There are 2 protein chains.
Amino acid sequence: MKNKLPIALSNRHVHLSESDLEKLFGGGHSLCELKSLSQPGQFACEEKVDLVGPRGTIPGVRVLGPTRDITQVEISFADARKLGVDAPVKESGDIEGSPGLKLVGPNGEVDMEQGAIVAARHIHFSDKDAEEFGVSDGEKVKIKTSGDRSLVFENVTVRVSPKYSLEMHVDLEEGNAAGVSNGDLVEIIR
Amino acid sequence: MKNKLPIALSNRHVHLSESDLEKLFGGGHSLCELKSLSQPGQFACEEKVDLVGPRGTIPGVRVLGPTRDITQVEISFADARKLGVDAPVKESGDIEGSPGLKLVGPNGEVDMEQGAIVAARHIHFSDKDAEEFGVSDGEKVKIKTSGDRSLVFENVTVRVSPKYSLEMHVDLEEGNAAGVSNGDLVEIIR
């Protein structure tokens, strides 16, 4: 059974709904693709917004496309402290009970009611990969990294979809804590 | 045998030699204690310096006292990237081969030849604590944290001295990756 897969570090980023995109960048605006991401159909955009919280601002945060049903901001714990919000660790898409932020774009602002989260670490598996690794959607696994700062991440969420490409996602703090770089191989512990 | 101990998160900080202290803050300057730290005799100072690297500056970094034989700067991987230096993971005091930084104080500057490190995670044990935990100086142990972001830190250095007070030290990125706060209890895995 396979047990090694690549890891990638996600920096803070923003997913926008169509209506919030238009508020921030103007009516009829479409996202401009800067480069494609590893997950099929996902891309980093030219567009950036400022995140404004009760205690501070983080300027120039990258928007990822395509647009989604709901606006969501993924930040680190360090970012949350700087902004002054108590962002919970949540699966992407599960923003219930999370705090909002003000987003500032070149054409306007959006006051989010909720949607600022620290994304739970997770692994994307295609259906075929999931079979080869012997895992199923929603399962939690342990992942071991190697090197000076090696550690074992517990509570890693398995996400399976035919649209996914095999990759573990952690935030920058998690990646730096483990001393790993994009593309390094990590191992499922059984 | 005991297996639980408190963890503490270290933010970036600077240890100064007497001569560098005088270059930065003026001849005859003594460090002003702001508050004592958990390790006996160690304290945070009123004094701050700017760290300047080839790619960026981090202003207002706290000096810790007392002065030491050698100036040493402890930063995170994120800080190292911002500054533009390739700081290695090292035990405190072992700065051989590490890059330097420019330190800027109110009265002058210091161009370090070396001394910028990412401190290796470690645990301080008094002799008595070491006996109660069954560990010895220089040994590497595994430490498990609890909660949403629970993980197991491998390669944690045991440091034993009669001067030490029982505590694990990680940097902010490691602490945030584990979702822990100062004083949370962690566990040695045997």
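The values are calculated or read from the model by the stated rules, or taken from the named source; none is laboratory data. Small disclaimer: the values here were computed from a predicted structure and weren't measured. Here the Cβ is made from the backbone with ideal geometry for all residues, glycine too, and neighbour counts use every protein chain on show.
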(message) Against the condition assigned to a strand (DSSP E or B) and at pLDDT 95 or above, how does B:Arg62 come out, does it pass?
(response) yes
(request) Please state which of the following conditions A:Ala87 fails to meet, knowing it meets all the rest: (1) more than 14 Å from chain B (Cβ to nearest Cβ); (2) in a loop (DSSP other than H, G, I, E, B). (result) (1)
(request) Considering only residues that are small (Gly, Ala, Ser) and surrounded by 14 or more Cβ atoms within 10 Å (Cβ to Cβ), look in the stretch B:31-68 and name the one that is farthest from the other protein chains (Cβ to nearest Cβ). (result) B:Gly65
(request) Please enumerate the residues belonging to the stretch A:69-113 that are surrounded by fewer than 16 Cβ atoms within 10 Å (Cβ to Cβ) and either closer than 26 Å to A:Gln39 by Cβ or among the small types (Gly, Ala, Ser) (or both). (result) A:Asp69, A:Ile70, A:Gly84, A:Glu91, A:Gly93, A:Asp94, A:Glu96, A:Gly97, A:Gly108
(message) B:Glu139 - would you say it is over 30 Å from B:Gly56 (Cβ atoms), surrounded by fewer than 17 Cβ atoms within 10 Å (Cβ to Cβ), away from chain A (no Cβ under 14 Å) and without any contact (Cβ under 8 Å) to a residue 24 or more places away in the chain?
(response) yes
(request) Quickly run through the stretch A:141-180 and pick out the residues that are within 17 Å of the chain's Cα centre (by Cα), farther than 22 Å from A:Arg12 by Cα and either of a type in the set (S, T, N, Q) or in a loop (DSSP other than H, G, I, E, B) (or both). (result) A:Ser161, A:Lys163
(request) Within the stretch A:150-172, work out how many residues are within 14 Å of chain B (Cβ to nearest Cβ), without any contact (Cβ under 8 Å) to a residue 60 or more places away in the chain and among the aliphatic types (A, V, I, L, M). (result) 3
(message) Being surrounded by fewer than 22 Cβ atoms within 10 Å (Cβ to Cβ), under 21 Å from B:Val170 (Cβ atoms) and touching a residue at least 60 places away in the same chain (Cβ under 8 Å): is that true of A:Asp184 here?
(response) yes
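Yes/no per residue for (1) modelled with pLDDT of 95 or more; (2) assigned to a helix (DSSP H, G or I); (3) closer than 16 Å to B:Leu172 by Cα:
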| site | (1), (2), (3) |
| --- | --- |
| B:Ala8 | yes, no, yes |
| B:Ser19 | yes, yes, no |
| B:Glu22 | yes, yes, no |
| B:Val49 | yes, no, no |
| B:Arg81 | yes, yes, yes |
(request) Output the number of the condition that A:Ala78 fails; it satisfies all remaining conditions of (1) touching a His at 6+ places or on another chain (Cβ under 9 Å); (2) of a type in the set (A, V, I, L, M, F, W, C); (3) closer than 25 Å to B:Leu9 by Cβ. (result) (1)
